[in-house]
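**Student:** The structure under discussion is supplied below as structure tokens; questions concerning it will follow.
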Amino acid sequence: MEEQETTNEKIKTTSEKLWDSTRKTLHAAGFQANKYKRIVQKKIDLASLHKKVSTCHGDLGKLIDDIRESGAPDILAKNEVQELFNTLDNLKAEAAALEQEIEKLKAEEPPEEEPVEDQES
């Protein structure tokens with residue numbers, strides 16, 4: 001009888017280990033999938049910002065050319081040009097912040113899983 005109980009305990013221990021391993025694997029996989037999703041979203045946002053920077057560069061070039069053709073002195077001191085420079089600075093700062101966030105996300109490690117209490121009654 002004791003031999004059968006020992007065998008049952010071994011089976012129970014083995015199945016608990018298997019369940020623990022499965023649970024940990026699923027936890028890690030879920031974390032990695034969520035991490036990947038957040039990184040992809042940040043990269044999409046970053047690509048959008050880069051597109052806005054390119055558009056702003058084009059607008060700035062056109063504005064400077066238009067002002068130069070009109071013969072106005074001190075092109076870079078014009079309010080419109082300064083506004084575009086400020087917009088570019090803001091966009092570049094946002095892009096740098098997003099790049100830092102992406103690096104932080106890449107370095108994230110899965111949090112330790114809290115042990116589950118046995119729920120035998």
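A short reminder: the numbers here are calculations on the coordinates, not readings from a lab. Nothing here was measured: the structure is a model prediction, and the numbers come from that model. For neighbour counting, all protein chains shown are included, and Cβ atoms are generated from backbone atoms with ideal geometry for every residue, glycine included.
**Student:** If the only charges are +1 at each Lys and Arg Cβ and -1 at each Asp and Glu Cβ, what is the size of the charge dipole of the chain around the Cα centre, to the nearest 20 debye?
**Tutor:** Numbers: 18 positive and 27 negative charges, 170 e Å.
In debye, rounded to 20, the chain gives about 820.
**Student:** Shifting gears a bit: Going out from 0 in 5 Å bins, what whole percent of all Cα-Cα distances in the stretch 2-107 drops into each bin?
**Tutor:** In whole percents, the pair-distance histogram is 2, 11, 12, 11, 9, 8, 8, 6, 6, 5, 4, 4, 3, 3, 3, 2, 2, 1, 1, 1, 0.
**Student:** Which FRET efficiency, nearest 0.05, do residue 85 and residue 34 yield, Cβ-Cβ r, R0 30 Å? Walk me through the numbers on the way to the answer.
**Tutor:** On the way: r = 38 Å, r/R0 = 1.28.
That gives a FRET efficiency of 0.20.
**Student:** Using a 10 Å cut-off around each Cβ, can you sort 64, 11 from fewest to most neighbouring Cβ atoms? Display every interim value, and only then the final one.
**Tutor:** Numbers: 64 16, 11 10.
Listing 64, 11 from fewest to most nearby Cβ atoms yields 11, 64.
**Student:** Right, another one. Before anything else, pin down the relative contact order of the chain: Cα pairs under 8 Å, at least 6 apart, normalised by residue count, whole percent. If you can, show how the numbers build up before the last one.
**Tutor:** Details: 44 pairs, mean separation 44.0, N = 121.
Over the chain, the number comes to 36 percent.
**Student:** Find which of 29, 40, 77 sits farthest along the positive direction of the dipole of the chain, computed with +1 on the beta-carbon of Lys and Arg, -1 on that of Asp and Glu, about the Cα centre.
**Tutor:** Result: 77.
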